[in-house]
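Asks: Here you go, one structure.
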Amino acid sequence: MELYSKYFYFFLLLFSFSFPFIRSFENKLNYYKKWPALLSGVFLMIGIHIPIDIYFTNIGVWSFNKEFVCGVYLANLPIEEWLFFLIIPFCCVFIYECTNYFLNPKKPSLTNYKVTFLCGIVFIILACLLNEKTYTSLYFSLAGVSLVLIYLLQPGWWHKFQVMYVFALIPFILVNGFLTGSFTEDPVVYYNDLENLSMRILNIPIEDFVYNFNILLLVVAVYEYQLSKMLSVKKD
């Protein structure tokens, strides 16, 4: 392997981070002023999902190709994987701010919330039926519970999140495509298909789409809560 391949995952993350970071200081968005709210959501999400990531790595749900990581590990995870949990939410919340500014999505309708509830129930049922698939069952159940909570709490930002998630699928497919070997000869991340449905888009397990949904939903929920607190302080 060429030397540069050892930093493939790192440079993929750096490339993803560069554009949102540079544009964060534009007056239209002032995204940089909202970083404290963002970090609150990111750190809470990391506190929940990094232990799951470590556990899944330890039991062989997935593993990392040593040819594409620099070799620095923390709690059995490549340092690049830790950076993933910082950089990807940073980029996606930037997309969230952009879609809010340029598209100004309307508040969710009652029908939207009802469909959300039904989707949550479907995910919970599937999680129960597929309980032998560790990756599938855990993240389907988390998505199901989250969607039911969205229905019960009916946050005003829910439709904004949905719009962001659709737009974020484009860079998600590109980045995860490289990580899963869709565009390269070998993947950065190997998946144990005994622990998932073995259903893929390109070479991306469909569970990854639910995984991405879960981490972003938690980040945005805390982000919006913190922004509302910051706004109330300014009014006082």
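FYI, it's all coordinate maths here, none of it is from the lab. What you see is a predicted model; the values in this text were computed from it and never measured. Cβ atoms come from the backbone with ideal geometry, glycine included; neighbour counts cover every protein chain shown.
Asks: Hey, rough spin-label estimate for Phe21 and Lys33, points 7 angstrom out along Cα→Cβ, what's it come to in nanometres?
Replies: Roughly 2.3 nm, to one decimal.
Asks: Another one. Rounded to the nearest 0.05, what FRET efficiency is calculated for Met199 and Phe117 with R0 set to 22 Å and r the Cβ-Cβ distance?
Replies: On the way: r = 25 Å, r/R0 = 1.12.
For Met199 and Phe117, the calculated efficiency is 0.35.
Asks: Which order, highest average first, do 38-48, 88-98 follow once you tally other Cβ atoms within 10 Å for each residue and take the mean per peptide?
Replies: On the way: 38-48: 17.4, 88-98: 22.1.
For the peptides 38-48, 88-98, the packing ranking is 88-98, 38-48.
Asks: Can you give the alpha-carbon Rg of the range 120-163 over 2.2 N^0.38 Å, where N counts its residues? Display every interim value, and only then the final one.
Replies: Numbers: Rg = 11.7 Å, N = 44, 2.2 N^0.38 = 9.3 Å.
Ratio of Cα Rg to 2.2 N^0.38 Å: 1.27.
Asks: Taking H placed 1.01 Å from N in the peptide plane, check which residues at least 5 places from Phe64 or on another chain put their amide H under 5 Å from its amide H.
Replies: Correct list: Tyr190.
Asks: Turning to a different aspect of this structure: Let me know the shape class of the range 138-218, please: from the alpha-carbon gyration tensor, a ≥ b ≥ c as square roots of the eigenvalues, rounded when a/c is under 1.5, otherwise prolate if a/b is greater than b/c, or oblate.
Replies: Note, shape of the range 138-218 comes out oblate.
Asks: Determine the principal axes of the Cα atoms in the range 79-236, then give the extent along each, sorted from largest to smallest and rounded to whole angstroms.
Replies: Sorted largest first, the three principal extents are 55, 33, 26 Å.
Asks: Counting only pairs 8 or more places apart or on different chains, how many lysine pairs in the chain have C-alpha atoms closer than 12 Å? Present the calculation step by step, with values, prior to reporting the outcome.
Replies: Values: Lys6/Lys66; Lys34/Lys229; Lys106/Lys160; Lys107/Lys160.
Pairs that pass both the separation and distance tests number 4.
Asks: Given a Förster distance of 35 angstrom, what is the FRET efficiency for Met230 paired with Thr184, based on the Cβ-Cβ distance and rounded to 0.05? Write out the running numbers ahead of the final one.
Replies: Numbers: r = 42 Å, r/R0 = 1.19.
FRET efficiency, Met230 to Thr184: 0.25.
Asks: Using Cβ counts within 10 Å as a stand-in for footprinting exposure, how do Val166, Val220 rank, fewest first? Intermediate values should be presented prior to the final figure.
Replies: Values: Val166 11, Val220 24.
The most exposed by this proxy come first: Val166, Val220.
Asks: Would you mind ranking Trp35, Trp157 by Cβ crowding within 10 Å, fewest neighbours first? Numbers along the way, then the final one.
Replies: Working: Trp35 13, Trp157 21.
Exposure proxy ranking, most exposed first: Trp35, Trp157.
Asks: What GluC sites (Glu not before Pro) in the range 151-236 are in a loop by DSSP, with at most 16 other Cβ atoms within 10 Å of the Cβ? Mind showing how you got there, number by number?
Replies: On the way: sites: Glu185, Glu195, Glu207, Glu224; in loops: Glu185.
When the GluC sites (Glu not before Pro) of the range 151-236 are filtered for loop state and at most 16 Cβ neighbours within 10 Å, Glu185 remain.
Asks: In addition: Points 7 angstrom from Cα along the Cβ direction at Tyr7 and Ala75: gap in nanometres?
Replies: Going by the 7 Å Cα→Cβ label model, 2.7 nm.
Asks: Over the range 34-135, what is the relative contact order in percent, taking alpha-carbon pairs closer than 8 angstrom and at least six residues apart?
Replies: Numbers: 26 pairs, mean separation 25.7, N = 102.
About 25 percent, as a whole number.
Asks: Please compute the length gained on full extension between Leu174 and Lys106, using 0.36 nm multiplied by the number of residues separating them and subtracting their Cα-Cα distance.
Replies: On the way: separation 68, 0.36 × 68 = 24.48 nm, distance 2.83 nm.
My answer for the length gained is 21.7 nm.
Asks: Under the definition of Cα pairs under 8 Å and six or more residues apart, what whole-number percent is the relative contact order of the chain?
Replies: Working: 267 pairs, mean separation 64.8, N = 236.
Relative contact order comes out at 27 percent.
Asks: Sticking with this one: With θ taken as phi - 60° and the coefficients 6.51, -1.76 and 1.60, list the Karplus ³J(HN,Hα) couplings across the range 66-76 in order, rounded to whole Hz; mark glycine and proline as x.
Replies: 5, 6, 10, 10, 6, x, 8, 10, 9, 6, 6
Asks: Taking loop as defined by DSSP and a crowding limit of 16 other beta carbons within 10 Å, which trypsin sites (Lys or Arg not before Pro) in the range 1-82 fit? Please list the in-between numbers first.
Replies: Numbers: sites: Lys6, Arg23, Lys28, Lys33, Lys34, Lys66; in loops: Lys28.
Answer by residue number: Lys28.
Asks: Shifting gears a bit: Determine the shape class of the range 1-121: with a ≥ b ≥ c the square roots of the Cα gyration tensor eigenvalues, call it rounded for a/c under 1.5, and otherwise prolate if a/b is greater than b/c, oblate otherwise. Working shown, then result.
Replies: Numbers: a/c = 2.40, a/b = 1.41, b/c = 1.71.
Oblate, because a/c is 1.5 or more while a/b does not exceed b/c.
Asks: Calculate the FRET efficiency for His159 and Leu129 from the Cβ-Cβ distance with a Förster distance of 25 Å, rounded to the nearest 0.05.
Replies: Details: r = 30 Å, r/R0 = 1.18.
For His159 and Leu129, the calculated efficiency is 0.25.
Asks: Is the shape of the range 183-236 best called rounded, prolate or oblate, per the rule: a/c under 1.5 gives rounded, else a/b larger than b/c gives prolate, else oblate, with a ≥ b ≥ c the square roots of the Cα gyration tensor eigenvalues? List each step's numbers first, then the result.
Replies: Values: a/c = 4.98, a/b = 3.31, b/c = 1.51.
Prolate.
Asks: Sticking with this structure for a sec: Could you work out the local net charge near Pro108, counting Lys and Arg as +1, Asp and Glu as -1, over the other residues with Cβ closer than 14 Å to its Cβ?
Replies: On the way: positive: Lys106, Lys107, Lys114, Lys160; negative: Glu224.
Here the count lands on +3.
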